[in-house]
Amino acid sequence: MAQLLLKGHPIGAIDGVLFDKDGTLSLSEPHLLNLAEQRIKAALELWSATRGTPAKDLRRILSRAFGLENGALHPGGTLAVAARQDNLTSTATVFCLMGCSWPEGLALAERCFNDVDQQRTERPKPSPLMEDAASMLRKLHAGGVQLAVISNDTRQGIQDFLDHHSLSNLFSSCWSAEDLPRKPDPQAVHHLCRRLNLAPEHCALIGDAETDLTMAHQAGIGCVIGYRGGWTLPPVLPTAAHQLNSWGDLDLVANP
Ligand SMILES: [Mg+2]
């Protein structure tokens, strides 16, 4: 076992750490802001082309629906947290607020999302790694701590991210969107811990969303850490046992 230190203070003896990816290890906000802008632009163009009337207020209402605030993304907002299908339903609802029927709104939202997906056909480049994350991961690995990713990205998306940042050799396992049940089901944590051959109470879980942290508590994770450093507007994480603002604040003492 190794002792995790937060700003030099011991916070738990652990054998493994489960990491969320997006917004925790991966700086996701720039990519999501770009996606939001592309979807809004496509929605405005579709509205003008199909309704023949100016899209008054459409940009403002869609921005709010996606969780855009003064050029930043709300870390608990629809685009940051929810799945594509949930964002599509929100967009259809916005079209209804603009005067569409539900079938019309849904059809417009589907065209809008599909148009943007077609423009982004080439495989997206992995997002940047958070500052100081690489040295922290190497330190944990060197201290004998097993590392795993638990994410709702695809297995390929997780692998591409780790390969791109030369981190694959540090990680023992991952739990992706293809592994069932997906997070935030606490069983996802149990299955991943079983793959690692570790008890949940001897693991830490680090994530940037309340859903991750609630899942960790329900699964009996020993050390539940909220990471707040990945967003312009830091997420509010009341269920975090410990709050981490920078990867440089996390350290390890091996075999206490
Ligand atoms: Mg996340």
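The values are calculated or read from the model by the stated rules, or taken from the named source; none is laboratory data. In this text, all values refer to a predicted model and were calculated from it rather than measured experimentally. Neighbour counts run over all protein chains shown; Cβ positions are idealised from the backbone, glycine included.
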Inspect the stretch 12-29 for any residue being out of contact with any strand residue (DSSP E or B) (no Cβ under 8 Å at 6 or more places or on another chain) and either without any contact (Cβ under 8 Å) to a residue 60 or more places away in the chain or among the aromatic types (F, W, Y) (or both) and give the result as yes or no. no
Counting only residues that are over 16 Å from L27 (Cα atoms) and of a type in the set (A, V, I, L, M), how many does the stretch 151-162 have? 0
I need the full set of residues from the stretch 174-190 which are buried (at least 17 other Cβ atoms within 10 Å of the Cβ) and small (G, A, S), in order please. S176, A188
Residue count, the stretch 207-227 (criterion: touching a Pro at 6+ places or on another chain (Cβ under 6 Å) and either surrounded by fewer than 20 Cβ atoms within 10 Å (Cβ to Cβ) or within 16 Å of A80 (Cβ to Cβ) (or both)): 4
Residue list for the stretch 64-77, filter: assigned to a helix (DSSP H, G or I) and surrounded by fewer than 18 Cβ atoms within 10 Å (Cβ to Cβ): R64
Kindly indicate which of F171, F113 is at negative phi and assigned by TED's automatic domain parsing to the domain that holds I40. F113
Cβ pairs under 6 Å, 6+ apart or interchain, first in the stretch 123-150 and farther than 16 Å from I206 by Cα, second outside any strand (DSSP E or B), ordered by first then second residue, are P126/D160; P126/F161; P126/H164; S127/L27; S127/S28; S127/H31; P128/L27
Residue list for the stretch 14-36, filter: crowded, with 16+ Cβ neighbours inside 10 Å and more than 13 Å from the ligand (Cβ to nearest atom): I14, D15, G16, V17, L33, L35, A36
For residues that are among the aliphatic types (A, V, I, L, M), away from the ligand (no atom under 16 Å from the Cβ) and crowded, with 18+ Cβ neighbours inside 10 Å, tally how many sit in the stretch 78-115. 7
When residues of the stretch 132-144 are filtered for being crowded, with 23+ Cβ neighbours inside 10 Å and more than 21 Å from G23 (Cβ to Cβ), how many remain? 0
